[in-house]
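The values are calculated or read from the model by the stated rules, or taken from the named source; none is laboratory data. Values in this document were obtained by computation on a predicted structure and should not be read as measured data. Note that each Cβ is placed from the backbone with ideal geometry, even for glycine, and that neighbours are counted across all protein chains shown.
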Amino acid sequence: QKEVEQDPGPLSVPEGAIVSLNCTYSNSAFQYFMWYRQYSRKGPELLMYTYSSGNKEDGRFTAQVDKSSKYISLFIRDSQPSDSATYLCAMTTGTASKLTFGTGTRLQVTL
Amino acid sequence: NAGVTQTPKFQVLKTGQSMTLQCAQDMNHNSMYWYRQDPGMGLRLIYYSASEGTTDKGEVPNGYNVSRLNKREFSLRLESAAPSQTSVYFCASPAGGEQYFGPGTRLTVT
């Protein structure tokens with residue numbers, strides 16, 4: 001069993017929809033949780049960064065961490081075609097420690 | 001400030017050939033990482049360097065060697081390429097928990 005599980009998709013939604021992307025994990029020592037966005041043929045770029053449990057909002061994006069359930073989510077409101085990308089979750093036990101990545105979910109937002 | 005740069009962008013090798021992937025960062029970070037990304041497998045760590053002069057194996061080091069030439073540069077070498085090494089290779093440099101990625105090298109081994 002992988003340490004981090006993520007549904008690979010693809011997920012196709014119409015423009016304006018609310019998107020929910022999720023990861024589950026098994027290592028209770030993970031403390032820092034990240035979402036990366038990767039456009040086709042590009043390197044991943046950090047989208048959201050949260051520490052421990054709770055919610056963090058940045059514009060149309062909300063990251064949610066539930067450590068008791070070992071479950072993290074990324075919500076995208078009012079989705080746009082420019083949001084079409086692969087979204088990778090990542091987590092680590094400490095800021096100086098290596099990241100463990102999910103396999104990524106491919107999202108397509110259609111007009 | 002270019003961040004993390006990688007060369008080449010694309011490469012095709014025949015089985016048994018060797019090559020070196022180059023990575024450089026201008027952010028004065030201590031750590032540098034090499035990942036490979038394959039469909040359905042996500043990003044897997046090949047080797048990393050926590051500081052100049054040190055290197056350590058990651059999750060999938062077999063078939064690769066690395067050199068931390070100085071604080072800026074971290075190269076990945078394939079001594080005898082195999083088709084299983086067909087992948088997209090990313091160099092990254094972390095700071096404060098965030099990983100800054102390069103644009104990637106697409107390698108095909110035939």
*asked:* Among the residues of the range A:15-24, are any farther than 22 Å from A:Lys2 by Cβ and touching a Ser or Thr at 6+ places or on another chain (Cβ under 6 Å)?
replied: yes
*asked:* With the requirement that a residue be outside any strand (DSSP E or B), within 13 Å of chain B (Cβ to nearest Cβ) and either β-branched (Val, Ile, Thr) or under 19 Å from A:Ser68 (Cα atoms) (or both), what does the range A:1-56 give you?
replied: A:Lys2, A:Glu3, A:Phe30, A:Gln31, A:Ser52
*B:Ala81 fails exactly one of the following numbered conditions: (1) under 20 Å from B:Met41 (Cβ atoms); (2) free of Cβ contacts under 8 Å to residues at least 24 places away in the same chain. What is the number of that condition?*
(2)
*Do we find that A:Pro14 is at pLDDT below 95, touching a Leu at 6+ places or on another chain (Cβ under 9 Å), exposed (fewer than 13 other Cβ atoms within 10 Å of the Cβ) and of a type outside the set (Ser, Thr, Tyr) in this structure?*
no
*Only one residue in B:Pro103, B:Pro83, B:Pro94 is within 14 Å of another protein chain (Cβ to nearest Cβ), within 22 Å of A:Thr103 (Cβ to Cβ) and more than 12 Å from the chain's Cα centre (by Cα), so which one is that?*
B:Pro94
_Members of the range B:40-76 that are touching a Pro at 6+ places or on another chain (Cβ under 7 Å) and under 14 Å from B:Phe90 (Cα atoms)_ = B:Ile46, B:Tyr47
*Could you grab me the full set of residues in the range A:80-111 that are farther than 19 Å from A:Lys42 by Cβ, more than 14 Å from chain B (Cβ to nearest Cβ) and in a loop (DSSP other than H, G, I, E, B)?*
A:Leu111
*Residue that is free of Cβ contacts under 8 Å to residues at least 12 places away in the same chain, more than 12 Å from every other protein chain (Cβ to nearest Cβ), farther than 25 Å from A:Tyr49 by Cβ and out of contact with any Phe, Trp or Tyr (no Cβ under 6 Å at 6 or more places or on another chain), where the choices are B:Asn62, B:Asn70*: B:Asn62
*Just a yes or no: is a residue in the range A:27-43 buried (at least 17 other Cβ atoms within 10 Å of the Cβ), touching a residue at least 12 places away in the same chain (Cβ under 8 Å), at positive phi and touching a strand residue (DSSP E or B) at 6+ places or on another chain (Cβ under 7 Å)?*
no
*Which condition breaks for A:Arg37 when tested against (1) farther than 24 Å from B:Arg106 by Cβ; (2) in contact with a helix residue (DSSP H, G or I) (Cβ under 9 Å, 6 or more places away or on another chain)?*
(1)
*Residue, surrounded by the most Cβ atoms within 10 Å (Cβ to Cβ), within the range B:30-61, restricted to residues that are aromatic (Phe, Trp, Tyr) and under 14 Å from B:Gly102 (Cα atoms)*: B:Tyr35
*Of all residues in the range B:13-26, count the ones that are touching a strand residue (DSSP E or B) at 6+ places or on another chain (Cβ under 7 Å) and surrounded by 13 or more Cβ atoms within 10 Å (Cβ to Cβ).*
8
_Counted residues, the range A:71-105 - those being charged (D, E, K, R), in contact with a strand residue (DSSP E or B) (Cβ under 7 Å, 6 or more places away or on another chain) and farther than 30 Å from B:Ser49 by Cα_ = 1
